[in-house]
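So the structure is just underneath, and the comments pick up after that.
Derivation of every value follows stated rules applied to the coordinates shown; laboratory data play no part. Because the structure is a prediction, the values reported are computed rather than measured. Cβ coordinates were reconstructed from backbone atoms using ideal geometry, including for glycine residues, and neighbour counts include every protein chain displayed.
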Amino acid sequence: MRIRCAIVGGSGYTGGELLRILLAHQGAEVTVVTSRRFAGKGIGELFPYLQGLTGISFEDYSIDAIKRRAQVAFTAVPHQAAMPVVRELLDAGLKVIDLSADFRLRDPETYEAWYGEHSEKDLIKRAVYGLPEIYRGQIEGADLVANPGCYPTSS
């Protein structure tokens with residue numbers, strides 16, 4: 001059984017790479033990809049290297065559509081933009097994997113020193129840092145996974 005996945009903010013570099021990975025993954029089915037700028041445009045039109053791998057198009061963000069068609073949502077939006085989206089997705093009962101920095105740091109003051117105000121501080125403690133070599137057991141049961149950035153995964 002494949003896991004139905006949504007990608008919120010799928011038109012940037014991170015979203016494009018996530019699409020490439022998920023479209024090749026046997027256990028994943030990409031069902032929703034959002035982009036305000038490219039809504040209505042086919043995935044392969046924006047990412048020619050994905051041409052022919054999927055027939056879906058970008059669409060406007062809709063929590064109702066994501067809730068109906070996905071089990072897990074990936075957020076591939078800029079830092080701070082993810083906070084309200086993650087809250088809404090969790091409130092809708094979805095599991096969330098956030099690719100921004102919004103939930104990676106456990107201390108709100110440290111986050112705010114680097115990125116600015118954090119509007120969803122209560123979710124910080126709920127997030128599990130998604131480094132499976134260290135946190136595999138916690139990741140399995142988490143409803144919010146804070147995906148590591150490029151520095152810890154390249155070291």
For this session: Putting +1 on Lys and Arg Cβ atoms and -1 on Asp and Glu Cβ atoms, find which of ALA127, MET83, PHE38 reaches farthest to the positive end of the dipole of the chain.
Result: PHE38
Exercise. For region 106-147, taking Cα atoms only, what is the radius of gyration to one decimal and the Dmax to the nearest whole Å?
Worked result: 11.4, 31
Seminar exercise, completed: Sorted by chain and then number, the residues having a modelled amide H within less than 5 Å of the amide H of ILE97, at least 5 places away or on another chain, are ALA73, PHE74, THR75, VAL145
Seminar exercise, completed: For the chain, longest principal axis from Cα atoms; helix 82-91 axis from its Cα atoms; angle between them, nearest 10 degrees, is 80
Exercise. Which of ILE56, ILE124, ILE21 moves the most in a Gaussian network model of the chain with Cα springs under 10 Å?
Worked result: ILE21
For this session: Enter the angle in degrees (range 0 to 90, nearest 10) between the Cα long axis of helix 13-24 and the first principal axis of the Cα atoms of the chain, meaning the one along which they spread out most.
Result: 60
Exercise. Taking only DSSP H segments of four or more residues, each worth -39500 (n - 2.57), what value at 222 nm results for the chain once the sum is divided by all its residues, to the nearest 500 deg cm²/dmol?
Worked result: -10000 deg cm²/dmol
For this session: Would you mind working out the magnitude of the charge dipole of the chain relative to its Cα centre, with +1 at each Lys and Arg C-beta and -1 at each Asp and Glu C-beta, to the nearest 20 Debye?
Result: 440
Exercise. Excluding SER35 itself, what net charge comes from residues whose Cβ is under 9 Å from its Cβ, given Lys and Arg +1 and Asp and Glu -1?
Worked result: +1
Exercise. Which ³J(HN,Hα) values, rounded to whole Hz and listed in residue order, are derived for region 124-140 from phi using the Karplus coefficients 6.51, -1.76 and 1.60 in 6.51 cos²θ - 1.76 cosθ + 1.60 with θ = phi - 60°, glycine and proline given as x?
Worked result: 4, 5, 7, 6, 10, 5, x, 9, x, 4, 10, 10, 3, x, 6, 4, 4
Seminar exercise, completed: For region 81-155, the dipole about the Cα centre with charges only on Cβ (Lys and Arg +1, Asp and Glu -1), to the nearest 20 debye, works out at 220
For this session: Could you run the Karplus curve 6.51 cos²θ - 1.76 cosθ + 1.60 with θ = phi - 60° over region 61-77 and give me ³J(HN,Hα) per residue in whole Hz, x for Gly and Pro?
Result: 5, 9, 4, 5, 5, 5, 4, 6, 10, 9, 9, 9, 10, 9, 9, 10, 10
Seminar exercise, completed: Looking only at lysines whose Cα falls under 24 Å of LYS41's and that sit 8 or more positions away or on another chain, we get LYS67
Exercise. Percent antiparallel among DSSP beta bridges with both residues in the chain, to the nearest 5?
Worked result: 5
Seminar exercise, completed: When the charge dipole of the chain is computed with +1 at the Cβ of Lys and Arg and -1 at the Cβ of Asp and Glu, the Cα pointing farthest to the positive end, of LEU53, LEU94, ALA65, is that of LEU53
Exercise. Which whole-Hz ³J(HN,Hα) couplings does region 30-45 yield from phi under the Karplus relation 6.51 cos²θ - 1.76 cosθ + 1.60, θ = phi - 60°, glycine and proline marked x?
Worked result: 7, 10, 9, 9, 9, 6, 5, 5, 10, 3, x, 8, x, 4, x, 5
